Amino acid sequence: MRWEDIAEVMEIERRAFSMPWPMRAYEQEILRNPSAHYLVLRPREVRAIGWMVPPSRLPILGYGGFWLVPDEAHISTIAIDVPWRGRGLGELMFLALVEEAIALGAHLITLEVRASNFVAQNLYRKYGLEVVGRRPGYYRDNREDALVMSVEDVHSPAYRERLEALKAQLWVRLQSAGPIPLHRSGAN
């Protein structure tokens with residue numbers, strides 16, 4: 001994620017969350033927090049009337065980020081824009097964050113998730129995260145509890161094997177879904 005992405009990220013942020021982060025939070029994360037690592041998800045390549053559309057001009061479909069402190073990656077946010085949900089892109093973003101965290105030396109990956117968000121919890125369990133704690137009243141919009149989920153020893157051969165198998169399954173799913181259209185039907 002670059003500063004130039006923030007306007008588009010903020011549009012998705014407002015559609016995705018009942019309590020979106022303010023722009024100044026992303027300014028802090030992108031420009032001043034050396035522990036922060038943020039990624040955006042765009043279509044890989046698109047041909048429009050015989051011309052290649054440069055990747056930087058393709059729409060952002062989602063984003064995510066984590067803090068690496070010192071060998072722990074704490075996933076701070078993941079969002080997929082509404083029209084693109086249900087296509088495996090949230091899993092793709094989560095996988096990209098996990099792989100980036102491992103490449104940067106993380107041995108533990110952790111995050112908070114709403115107690116009512118069973119879809120996300122199931123995804124995280126699929127990748128080996130387990131509930132290790134609860135933060136009562138964590139979410140300010142409705143005082144909902146957060147579950148703290150973590151996975152340790154992500155450098156182990158067993159976890160790397162698991163990750164590669166899940167990655168292969170995800171690629172099959174994404175390839176069978178076909179190309180992502182350039183227009184954003186359903187986006188406000």
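Of note:
- Within region 140-188, tally of residues that are assigned to a loop (DSSP other than H, G, I, E, B), among the hydroxyl-bearing types (Ser, Thr, Tyr) and modelled with pLDDT of 95 or more: 1
- Pro136 at pLDDT 95 or above and farther than 24 Å from Glu29 by Cβ: yes
- Note on region 166-179: among residues that are without any contact (Cβ under 8 Å) to a residue 12 or more places away in the chain and more than 25 Å from Leu104 (Cβ to Cβ), the one that is most open to solvent (accessible area, probe 1.4 Å) is Gln175.
- Residue in region 45-52 that is out of contact with any strand residue (DSSP E or B) (no Cβ under 6 Å at 6 or more places or on another chain), modelled with pLDDT of 95 or more and not in a strand (DSSP E or B) present: no
- Any hit, region 94-103, residues being among the small types (Gly, Ala, Ser), under 23 Å from Ala16 (Cα atoms) and under 12 Å from the mean Cα position of the chain (by Cα): yes
- For region 79-91, a residue qualifies if it is open to solvent by 30 Å² or more (accessible area, probe 1.4 Å) and free of Cβ contacts under 8 Å to residues at least 40 places away in the same chain, and the qualifying residues are Arg85, Gly86.
So that you can scan it fast, the table gives a plain yes or no per residue for (1) more than 24 Å from Gly88 (Cα to Cα); (2) free of Cβ contacts under 8 Å to residues at least 12 places away in the same chain; (3) open to solvent by 40 Å² or more (accessible area, probe 1.4 Å):
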site	(1), (2), (3)
Tyr138	yes, no, yes
Asp141	yes, no, yes
Ala146	no, no, no
Met149	no, no, no
Pro157	yes, yes, yes
Glu164	no, yes, yes
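- The combined condition, being outside any loop (DSSP other than H, G, I, E, B), without any contact (Cβ under 8 Å) to a residue 60 or more places away in the chain and open to solvent by 100 Å² or more (accessible area, probe 1.4 Å), is fulfilled by Arg125.
- Leu111 being open to solvent by less than 20 Å² (accessible area, probe 1.4 Å) and assigned to a helix (DSSP H, G or I): no
The values are calculated or read from the model by the stated rules, or taken from the named source; none is laboratory data. Just so we're clear, the structure is a prediction, and the values are computed from it rather than from any experiment. Cβ atoms come from the backbone with ideal geometry, glycine included; neighbour counts cover every protein chain shown. Quick note on the areas: whole protein, heavy atoms, side chains included, nothing else; ligands and nucleic acids left out. Shrake-Rupley method; radii C 1.70, N 1.55, O 1.52, S 1.80 Å.
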